[in-house]
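What follows is a short report on a single structure.
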Amino acid sequence: MIIDAENRPLVTAILLAVVGLAGFLAMVSLPALFEPLSLQTTDRLFELRARFPSLRPVYDDRVVIVDLDDRSLQQIGSIYLDRDDEARLVRNLGSAGVAAQVHDVIYAASLPGDEGLIAATESAGNAYFGLALGLTDGRGVALPDGALLDRDRWQPRLRGDSSTLLAPSRPIVTFSGLAQVARGLGFLDIRADRDGIYRSTPLLGRDGDRVIPSLALRVVCDYLGVTPDRIDVAPGDAITLHGARAPIDASPREIVIPIDDEGRMLINYVGDWGAMTHYPAASIWEASDDRFAMLDLKDELSGKLALLTWVSTGSGDIGPIPGDPLYPLGGIHANAMHAILTGRFLRKLTPRTTFALVTLPLLLLLYLASLRLRTLPFLAFAAALSFMHAAGAAAAFYGADLIVDIPGPILTLVGGTIVVTAYHFHLESQARAVLRGTLDAYFPPAVVDRILRTSRDLMSSAHKRELSILFSDIKGFTNLTATMEAEDVRRLLNEYFGRMIEIVFRHDGTLDKFIGDGLMVFFNDPLPQPDHALRCVRAAIEMQAAAKELDRAWRARGEMPLAIRIGINTGEAVVGNMGSARRLSYTALGAAVNQAQRLESNAPVGGILISERTNDLLAGAVPTRCRAPIQVKGIETPLVVHEVVLGEDGPQNG
């Protein structure tokens with residue numbers, strides 16, 4: 001089929017429109033396939049933010065964490081807290097003047113000794129405790145009559161369909177005696193995403209025509225003086241707190257908390273576990289024995305929202321969050337409180353909004369570029385667009401707490417680039433009538449591809465170039481093999497050369513020739529290598545290590561011992577395809593080559609001897625030591641040489 005090049009703008013526009021629509025439909029209809037990639041990309045932004053405090057949300061130290069950690073339990077003198085210890089913590093936090101003490105624990109059953117805990121809670125008047133609802137997106141179950149006090153079952157103004165909110169399935173509540181005197185209760189349920197990472201937390205659970213708040217929402221609403229009748233709930237949109245006013249606020253404000261259909265809020269983590277202010281529980285527990293310690297606590301904790309959570313070994317309340325695979329999950333409640341208190345919420349563009357505001361403009365820019373640029377500049381422009389989108393999404397995340405899908409638009413952009421490039425290539429191939437059906441030939445190894453592109457020059461001319469030349473030789477090989485069978489000699493040499501050439505090729509060296517049991521290779525040709533000396537020396541180090549491994553293996557098999565010398569010189573040589581019409585060899589010639597061979601013959605067994613020029617080019621990247629100058633055949637002036645310093649298995653004497 002022949003496509004008229006005059007229709008190129010129209011066909012290109014149609015192709016990009018089809019790609020864009022297909023990408024959008026794939027993102028919407030196959031979230032399980034594409035959503036994990038988007039989530040993991042956002043996680044990387046969290047990780048980067050955790051490393052740089054300047055990128056994090058500004059921390060409001062009114063939210064603090066009290067750690068029930070191993071050290072605190074040791075100081076208290078118990079592997080767990082009995083009710084008297086818990087009562088003491090409640091009493092001391094109350095005496096310290098915290099605005100709220102939030103206990104990340106469920107007291108499901110009454111135990112002997114509860115009288116002290118109940119009395120301390122009633123006296124403090126600011127203690128909140130947890131409950132579990134076992135939230136599910138199904139129908140759920142009704143809570144038993146009297147399971148919760150009316151104060152803990154809210155009736156806010158519901159806007160829209162509240163049936164999408166999560167519902168209780170396995171409720172566990174704080175026992176009645178403690179619940180009666182507590183400041184309030186809230187659920188502690190959190191739910192991980194498909195990949196097991198905690199990125200959001202539910203703020204409301206439905207209970208008939210009422211809702212049950214999370215512990216974080218309950219505490220902050222009380223702190224801000226927001227009663228249920230001043231709360232609007234619109235599932236899939238927001239929870240709006242009207243007339244919110246903290247004790248330090250000059251005037252009331254409105255807080256709009258973005259939520260999804262299930263009532264979940266994205267967690268705008270302040271940072272890693274150490275980003276918030278922490279107090280060991282032992283310092284709270286011991287304060288009642290020290291009047292001055294209690295005064296210090298009052299100075300530090302007065303007016304704060306203190307979350308008391310278990311972080312001791314074996315508590316099991318640990319899970320992955322973006323940027324931290326082992327995060328104490330009690331910190332999720334602290335981060336939720338912090339976000340609501342400060343009004344710093346994460347918002348995420350919906351797939352439709354992303355398509356309209358991000359993907360379509362990117363495709364439009366790609367379309368305009370396709371009309372003006374040739375293939376390579378067009379591909380570079382497409383790559384730049386992808387980078388600009390990723391950078392813009394990162395800026396939106398760090399600067400505006402806005403999550404913009406990064407992989408989705410880039411995948412669509414890549415698809416559009418491939419389709420447009422293929423179409424334009426088809427047009428160009430029709431015009432030139434060449435390269436038809438050769439796409440499969442575009443993927444040889446990179447180095448081989450470059451050599452093939454310059455093969456004509458290689459075959460037709462020679463050139464001068466500075467090379468790093470390596471010679472190696474096996475110590476006493478002729479004598480060692482005098483009594484061996486020819487097949488054994490061949491087998492051992494093949495094994496030895498196979499290991500050596502594998503190392504040379506791994507460092508992109510060029511094999512010149514085998515010289516009996518010797519080897520000549522060079523670097524910096526046919527492809528330029530600015531670090532050719534370093535490549536050559538590193539290859540030599542690996543060759544010596546490999547020779548020692550072979551030596552141990554051969555000795556274990558009863559074969560001949562193996563030790564090699566290596567000499568390296570860097571200098572100008574003539575390189576080219578040389579020989580006769582019947583036989584050519586790509587080789588290097590010149591004094592620099594001869595000098596490398598002389599260095600090999602003077603190298604210590606198991607060692608590497610290099611010239612002064614080679615040593616200068618290493619610039620200290622490989623440790624060397626200067627040896628006494630040596631006199632070699634054909635050169636009147638003694639040569640300054642250096643020996644590469646190897647490890648414990650380094651050069652042998654002799």
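The values are calculated or read from the model by the stated rules, or taken from the named source; none is laboratory data. All of these numbers come straight from a predicted model, not from anything done at the bench. Heads up, the Cβs are rebuilt from the backbone with ideal geometry, glycines too, and the neighbour counts pull from every protein chain shown. Quick note on the areas: whole protein, heavy atoms, side chains included, nothing else; ligands and nucleic acids left out. Shrake-Rupley method; radii C 1.70, N 1.55, O 1.52, S 1.80 Å.
Just a few scattered comments:
- Estimated FRET transfer efficiency (ALA628, MET388; beta-carbon r; R0 60 Å; 0.05): 0.50
- Dipole axis of the chain (+1 Lys, Arg; -1 Asp, Glu on Cβ), positive-most option in ASN594, MET543, LEU204: ASN594
- FRET efficiency, ARG157 to PHE505 (Cβ-Cβ, R0 60 Å, nearest 0.05): 0.25
- Positive dipole terminus of the chain, leading residue within ASN479, THR412, GLY97 (C-beta point charges): ASN479
- Share, in percent, of DSSP beta bridges within the chain that are antiparallel, nearest 5: 65
- Loop-resident sites, the range 293-398, for trypsin sites (Lys or Arg not before Pro), counting at most 16 other Cβ within 10 Å (DSSP): ARG344, ARG374
- Acute angle (nearest 10 degrees) that the helix 330-342 long axis makes with the longest principal axis of the chain, alpha-carbon atoms: 70
- Dipole magnitude (debye, nearest 20) for the range 288-421, charges at Cβ of Lys, Arg, Asp, Glu: 900
- Centre-to-centre, using Cα atoms only, the range 479-552 and the range 188-212 are separated by 63 Å.
- Model label zone, ASP299; criterion: amide N under 11 Å from point 7 Å along Cα-to-beta-carbon; scope the range 61-99: none
- Amide H partners (placed H, <5 Å) of GLY319, local residues excluded: TYR327, LEU329
- Additional length obtainable on full extension of the chain from GLU466 to ILE635, 0.36 nm per residue less Cα span: 58.9 nm
- Computed E for ASP232/THR353 - FRET, C-beta separation, R0 25 angstrom, nearest 0.05: 0.65
- Relative contact order [Cα under 8 Å, 6+ residues apart], the range 478-566, whole percent: 21
- Label-point separation in nm, ALA482 to LEU149, each point 7 Å along Cα→Cβ: 10.4
- Rolling a 1.4 angstrom probe over the chain with all protein chains present gives an accessible area of which 56% lies on carbon and sulfur atoms.
- When the charge dipole of the chain is built from unit charges on Cβ atoms (+1 for Lys and Arg, -1 for Asp and Glu) and taken about the Cα centre, the candidate among PRO31, ALA422, PRO156 whose Cα reaches farthest toward its positive end is ALA422.
- Here the Karplus curve 6.51 cos²θ - 1.76 cosθ + 1.60, taken at θ = phi - 60°, turns the phi angles of the range 388-404 into couplings of 4, 5, 4, 5, x, 5, 5, 5, 5, 5, 6, x, 10, 6, 10, 8, 10 Hz, with x standing for Gly and Pro.
- Full extension of the segment from GLN40 to ALA591, taken as 0.36 nm per residue of separation minus the current Cα-Cα distance, would add 192.6 nm.
- Relative contact order for the range 85-142: 46 percent, from Cα pairs under 8 Å spaced at least 6 residues apart, divided by residue count.
- The relative contact order of the chain, computed from alpha carbon pairs under 8 Å that lie at least 6 residues apart in sequence, is 13 percent.
- Counting 0.36 nm for each residue step from ARG557 to LYS513 and taking away their Cα separation leaves a gain of 13.0 nm.
- Cβ-placed point charges (K, R +1; D, E -1), dipole of the chain about Cα centre in debye, nearest 20: 2400
- Computed label-point distance, nm, for sites ASN577 and ASP193 using a 7 Å Cα→Cβ extension: 5.6
- Karplus-based coupling profile of the range 564-574, in residue order and whole Hz: 10, 10, 9, x, 9, 9, 10, x, 7, 9, 8, with θ = phi - 60° in 6.51 cos²θ - 1.76 cosθ + 1.60 and x standing for Gly or Pro.
- Computing Cα Rg over 2.2 N^0.38 Å directly from the structure and comparing it against (1) 1.03; (2) 1.11; (3) 1.43 singles out (3).
- Derived scalar couplings between HN and Hα for the range 315-324 equal 5, x, 8, 9, x, x, 10, x, x, 8 Hz in order, rounded to whole Hz, by the Karplus curve 6.51 cos²θ - 1.76 cosθ + 1.60 (θ = phi - 60°), x for Gly and Pro.
- Approximate spin-label separation ASP249-ASP61, in nm, with each point projected 7 Å along Cα-to-Cβ: 2.3
- Neighbours of ASP260, meaning other residues whose beta-carbon lies under 10 angstrom from its beta-carbon, give a summed charge of -1 when Lys and Arg score +1 and Asp and Glu score -1.
- The range 173-230, Cα convex hull volume normalised per residue, Å³: 122
- Per-residue SASA remark: HIS103, around 10 Å² accessible (1.4 Å probe; ligands, DNA and RNA not included).
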